[in-house]
Structures are given as C-alpha cells and as structure tokens.
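What follows is a short report on a single structure.
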C-alpha cells in the first residue's frame, strides 16, 4: 500500500495536467473485506476500515474526493458462504427469508449489507457522500459447493432485478453502477 497512493496521485495528476481530469478519473479497487464491522457489533452501520489500512485508505479517499473520483469496491456475496456452513444461504441472494435489522433499517441480503458497511466506513473518514462504483461483482459456477450454475443464475437474476428497480441500498438510494465479473470461472492454478 505504500506505493498505491503515490501511483494514484501520479496518474490523476497526469490526467489533470493533460486537461482530461474533469472527464477521466483514476481510482483503485478495494475488496469489500477491507471494511468491516467490529465483532462486538457486526452490523452495517458500525462499519469502519480495517485498522491496519485505515490511515492509508483515509488518505486515498481524501485524494479521490479532492478529484471528484469514485471509490471502487469489489463485492462478492458468494464469499460469505465459502467455508462457512453457518452463514444463512438465502442471505447471499436477493430472494430473502433471512434478514438483519440495524437501527430500524432492514437488510435482506449480503450485498446491501456489504455496500452499506462501506458507506458507514466512508462516513467515519468524512466522505460518506463519495460516489461508489462496484468494480467487480459476480458468482462463479465452479470451485466450491455453493458455486454452480443454479446459484449463479439465482444471484444474477436477483442482482439484475434489484439494479433495474434503481432502489439502491438502505443508506444509498438510487442507481448503483456495477461491473459484472465471474461470468467465467478463473483457474486458480497458473
């Protein structure tokens, strides 16, 4: 992470110097697990950035905000099920029977909870209004007992229905800009 902020600054400053900074923005994708809620209060509204990276992430978010650039996050709801037989299966999807209520706010799926945990973490560092782009979201079809064609179909169908409704999440209403990933499975061995 020591070189990430200087690299981001160099790219954005070069874009600005070339007169493109108003139209082209540099950003860095973060994985959703870099923001979390404390074990003592594991709910979206208690979200913060992990303590080991909080300082550098705050500097990066400050720079993104100064340049009106988006914060990019990768969210993979299937990871909640990976190796965790106790996680409520339906909460990873959008046809819910499991829910979480946090300060009167109803969470019916892990995507909304992950997204709003990030919004809460951004609020903590003073940038709760920064634009958020979901740089990667998807559901693989192989590699784990929960990654198969039926689950991928159920996930994408629910996600696309949610996005078409343009409702956002409990803390961020409206359009969410996602980039679908994992439409093919990656080979973990190179």
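Each value in this text was obtained by applying a stated rule to the coordinates, not by laboratory testing. This structure is a prediction, so every number in the text was calculated from the model and none was measured. Because the Cβ atoms are built from the backbone with ideal geometry, glycine has one as well, and the counts that use them run over all protein chains shown.
For the chain, the longest principal axis of the Cα atoms and the long axis of helix 149-165 meet at an angle of about 60 degrees.
Among 133, 75, 101, sorting on how many other beta-carbon atoms sit within 10 Å of each Cβ, with the fewest leading, yields 101, 133, 75. As a rough footprinting exposure proxy, the listed residues 139, 96 were ranked by other beta carbons within 10 Å of their own, and the order from fewest upward is 96, 139.
Going by neighbour counts of Cβ atoms within 10 Å, the residues 120, 54, 99 line up, fewest first, as 99, 54, 120. Helix 110-124 and the longest principal axis of the Cα set of the chain meet at an angle near 30°. If R0 equals 25 Å, the separation of the Cβ atoms of residue 59 and residue 17 corresponds to a calculated FRET efficiency of about 0.75. As a calculated quantity, the FRET efficiency between residue 50 and residue 106 at R0 = 30 Å, using C-beta atoms, amounts to about 0.70. Computed over the chain with a Gaussian network model linking Cα atoms closer than 10 Å, the most mobile of 164, 17, 46 is 17. Antiparallel as a % of all DSSP beta bridges within the chain, to the nearest 5? Percentage antiparallel, nearest 5: 40. With each label modelled as a point 7 angstrom along the Cα→C-beta vector, the residue 127-residue 41 pair spans 2.3 nm.
Separation of the stretch 28-69 and the stretch 100-166, taken as the distance between their Cα centroids, equals 16 angstrom.
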